[in-house]
């Protein structure tokens with residue numbers, strides 16, 4: 001006897017959420033998915049949000065890492081529906097990640113249908129060693145449906161057990177699109193408990209002593225119920241073990257709707273006789289603590305999702321993203337146009353840079369040569385004037401010996417001879433290219449020994465000397481002649 005599903009068609013039902021979480025738990029699948037998703041996070045994040053299963057509790061009711069992986073997987077699953085190449089690549093990766101399942105379907109390639117029972121037997125090792133769970137069964141059913149659809153194998157249900165497995169898996173996919181609040185409201189309506197819910201909702205404020213926050217509830221039970229207070233303190237201390245002080249949110253008020261949701265769930269379990277009525281206060285207190293702690297979790301999730309780029313963006317952000325994409329496409333178009341010329345332009349630019357560097361070096365070299373020529377001309381001119389002065393009256397070097405003179409250039413021996421003749425003279429060592437140029441500020445004159453002069457020292461001070469308009473003397477080895485030149489320059493300056 002064949003069984004058929006009256007409410008859910010397994011060949012067309014949306015299983016995207018189950019498939020996304022199944023892939024999220026598989027490292028080989030996530031390695032493939034991350035590579036694609038990370039290449040354009042903004043684009044694929046927007047694709048995931050377009051899928052109706054983006055907010056499915058199958059995805060959101062997971063630890064944060066699985067949840068984020070599932071959102072990425074959902075994006076690729078959604079994009080693959082419109083991209084044939086991506087769909088083929090995705091399936092190839094599925095066959096690699098789930099080799100045993102894919103091999104089983106390959107063995108039934110020529111068969112019209114693939115028996116579900118045999119499929120479950122082939123992958124039964126997943127349930128061995130204490131690793132079985134409700135989700136593993138859902139995962140296997142999800143993969144079975146995926147491969148049946150991909151290979152076009154119609155699904156037939158041969159007994160009630162298979163019927164229940166189908167309905168459990170596909171029903172879970174649909175139920176997960178409802179919030180817990182909607183789910184319990186649906187139960188109340190279908191179970192004809194709506195009147196009971198309204199009746200108990202009227203007395204709910206009295207039961208909770210009109211408490212809207214943990215601090216209010218703490219105050220109220222402190223007065224009326226010391227045993228409940230002790231339980232509250234116990235839970236407080238247990239929470240502190242993990243550095244989660246209840247005081248973080250004890251002052252935040254819960255809305256009437258929040259309290260009604262708590263009361264409705266407690267009421268349902270009381271009506272079903274799953275919880276004794278005298279435990280209501282304990283249940284309410286525990287519920288308020290759990291809802292307070294839930295705010296810690298949601299703050300963390302919101303922060304992580306914002307960092308991961310998977311939360312909804314504002315309209316302004318969406319427009320910026322679209323504008324950026326258009327600009328990006330325009331840039332890519334322009335880059336394509338100049339791609340053929342770029343290599344040649346780069347080579348030409350390198351040549352231009354090389355020539356500019358060579359030109360700068362030549363300009364510096366030329367400037368130095370011109371400066372040296374000027375020094376030589378000045379030296380020759382001074383030497384000529386000294387020759388003429390020999391026929392004239394002798395020049396006294398007394399003022400020159402008393403003056404403060406900075407001497408740049410010359411060997412150590414020559415500089416020592418200068419110091420013996422003129423103690424006030426300051427001689428700069430030819431190796432000291434980092435000497436303090438402020439020494440010139442108080443000088444009466446500066447001497448350059450033309451035949452033994454470091455260019456670095458000369459160019460370090462010459463501009464400053466010219467700006468200060470200090471007397472400059474160029475000399476060779478003749479110290480007497482140097483002193484006469486200094487005396488002549490000082491007498492000219494008066």
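Can you confirm whether the stretch 29-46 contains a residue that is in the same structural domain as residue 140 (by TED's automatic domain parsing) and under 20 Å from residue 137 (Cα atoms)? Can you show your working first?
As a first pass, look at the stretch 29-46 and keep what is in the same structural domain as residue 140 (by TED's automatic domain parsing): 29-46.
Retained after the next criterion (residues that are under 20 Å from residue 137 (Cα atoms)): 29.
Among the residues of the stretch 29-46, at least one is in the same structural domain as residue 140 (by TED's automatic domain parsing) and under 20 Å from residue 137 (Cα atoms), which makes the answer yes.
Taking residue 64, is it in the same structural domain as residue 173 (by TED's automatic domain parsing), modelled with pLDDT of 85 or more and on the phi < 0 side of the Ramachandran plot?
Numbers: in the same structural domain as residue 173 (by TED's automatic domain parsing): yes; modelled with pLDDT of 85 or more: no; on the phi < 0 side of the Ramachandran plot: yes.
Answer is no for this residue.
Looking only at the stretch 395-418, filter to residues that are in a loop (DSSP other than H, G, I, E, B) and more than 14 Å from residue 471 (Cβ to Cβ); which one of those is modelled with the lowest pLDDT? It would help to see each step written out before you state the result.
Taking the stretch 395-418 as the starting set, the residues that turn out to be in a loop (DSSP other than H, G, I, E, B) are 395-397, 403-404, 409-411.
Next cut, more than 14 Å from residue 471 (Cβ to Cβ) only: 395-397, 409-411.
Values: 395: 73, 396: 80, 397: 83, 409: 89, 410: 89, 411: 90.
Per the criteria, the residue is 395.
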Please give the number of the condition residue 475 fails out of (1) touching a helix residue (DSSP H, G or I) at 6+ places or on another chain (Cβ under 6 Å); (2) more than 13 Å from residue 407 (Cβ to Cβ); (3) buried (at least 18 other Cβ atoms within 10 Å of the Cβ). (2)
If we ask which residues in the stretch 147-162 are part of a helix (DSSP H, G or I) and either within 10 Å of residue 114 (Cβ to Cβ) or free of Cβ contacts under 8 Å to residues at least 40 places away in the same chain (or both), their number turns out to be 4
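Would you mind stating whether residue 389 is exposed (fewer than 10 other Cβ atoms within 10 Å of the Cβ) and either farther than 30 Å from residue 443 by Cα or modelled with pLDDT under 75 (or both)?
For residue 389, the condition - exposed (fewer than 10 other Cβ atoms within 10 Å of the Cβ) and either farther than 30 Å from residue 443 by Cα or modelled with pLDDT under 75 (or both) - is not met.
The values are calculated or read from the model by the stated rules, or taken from the named source; none is laboratory data. All values derive from a computational prediction rather than experimental measurement. Methodologically, a virtual Cβ is constructed for each residue, glycine included, from the backbone with ideal geometry; neighbour enumeration extends over all protein chains shown.
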